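The values are calculated or read from the model by the stated rules, or taken from the named source; none is laboratory data. Because the structure is predicted, anything quoted here is derived from the model rather than measured. Here the Cβ is made from the backbone with ideal geometry for all residues, glycine too, and neighbour counts use every protein chain on show.
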């Protein structure tokens, strides 16, 4: 069963007097546990599609349905709450807070929500740090880590709330090929063991090769949608 459905989704922008058609009638269904890569040339609509999936932008037309929830029927506050509670993001620039320890960076989404005790937040943070093999570095600062380790902290921070979907924008862009392979391997393991749904927007052929499903965008439309066996 699909956890996300997009039906005839369009997105238009006005650039002066010109109308830019970023998405043109996109139909897409994504199942729980997907390991999906969205690819395409610059200007194809990748970023717009990812922003709409992440509830950072709204479509001009069509419907977006998450787990039976029609997003177009939600108020802006409800949509923001839905994004906060169910969607997590991994960025190519890591976006770690330099004055916080690794553990504190991972705890930050929990601190913001104010739903857990200090001990509960520590326990949750340490569990996901162990999953990305960084529990031994929990009290270090980001400046003491390599780029690959920082990205693993970013993955742990994304996972700490057990989101419905994790969106990753070029997650391997700033990494060398060996480190990128390691990061992809960790995300694949988490995807398999925890059924975490990962959706990537990427130009990285390595990332594309490891995805189990590849959606190619061209001129705001889905040009191909390929599922790999195994």
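Please determine whether any residue of the stretch 66-89 is within 19 Å of residue 217 (Cα to Cα), without any contact (Cβ under 8 Å) to a residue 60 or more places away in the chain and in contact with a strand residue (DSSP E or B) (Cβ under 8 Å, 6 or more places away or on another chain). Looking through the stretch 66-89, none of the residues is within 19 Å of residue 217 (Cα to Cα), without any contact (Cβ under 8 Å) to a residue 60 or more places away in the chain and in contact with a strand residue (DSSP E or B) (Cβ under 8 Å, 6 or more places away or on another chain). Read through the list (1) modelled with pLDDT under 95; (2) assigned to a helix (DSSP H, G or I); (3) in contact with a helix residue (DSSP H, G or I) (Cβ under 8 Å, 6 or more places away or on another chain), then give the number of the only condition that residue 83 fails. Going through (1) modelled with pLDDT under 95; (2) assigned to a helix (DSSP H, G or I); (3) in contact with a helix residue (DSSP H, G or I) (Cβ under 8 Å, 6 or more places away or on another chain) one by one, residue 83 breaks only (3). Just a yes or no: is a residue in the stretch 165-186 touching a strand residue (DSSP E or B) at 6+ places or on another chain (Cβ under 8 Å) and over 19 Å from residue 93 (Cβ atoms)? Scanning the stretch 165-186, I find at least one residue that is touching a strand residue (DSSP E or B) at 6+ places or on another chain (Cβ under 8 Å) and over 19 Å from residue 93 (Cβ atoms), so the answer is yes. Scoring residue 223 on the criteria (1) surrounded by 14 or more Cβ atoms within 10 Å (Cβ to Cβ); (2) at pLDDT 95 or above; (3) over 18 Å from the mean Cα position of the chain (by Cα) leaves a single failure, condition (1). Kindly check whether there is at least one residue in the stretch 178-193 that is in contact (Cβ under 8 Å) with a residue 60 or more places away in the chain and touching a helix residue (DSSP H, G or I) at 6+ places or on another chain (Cβ under 7 Å). Yes: the stretch 178-193 contains one or more residues that are in contact (Cβ under 8 Å) with a residue 60 or more places away in the chain and touching a helix residue (DSSP H, G or I) at 6+ places or on another chain (Cβ under 7 Å).
Checking the condition at pLDDT below 95 and either outside any strand (DSSP E or B) or under 16 Å from the mean Cα position of the chain (by Cα) (or both), which residue from 120, 151 passes? None of the others qualify; the one that does is 151. Each residue in the stretch 165-174 was checked for being closer than 14 Å to residue 36 by Cα and not in a strand (DSSP E or B), and 2 pass. For the stretch 57-72, a residue qualifies if it is at pLDDT 90 or above and over 16 Å from residue 30 (Cα atoms), and the qualifying residues are 57, 58, 59, 60, 61, 62. Taking the stretch 27-47 as the range and being crowded, with 22+ Cβ neighbours inside 10 Å and part of a helix (DSSP H, G or I) as the test, only 46 passes. Which numbered condition in (1) out of contact with any helix residue (DSSP H, G or I) (no Cβ under 7 Å at 6 or more places or on another chain); (2) closer than 19 Å to residue 97 by Cα; (3) free of Cβ contacts under 8 Å to residues at least 40 places away in the same chain is the only one that residue 117 fails? Of everything listed in (1) out of contact with any helix residue (DSSP H, G or I) (no Cβ under 7 Å at 6 or more places or on another chain); (2) closer than 19 Å to residue 97 by Cα; (3) free of Cβ contacts under 8 Å to residues at least 40 places away in the same chain, residue 117 misses just condition (2).
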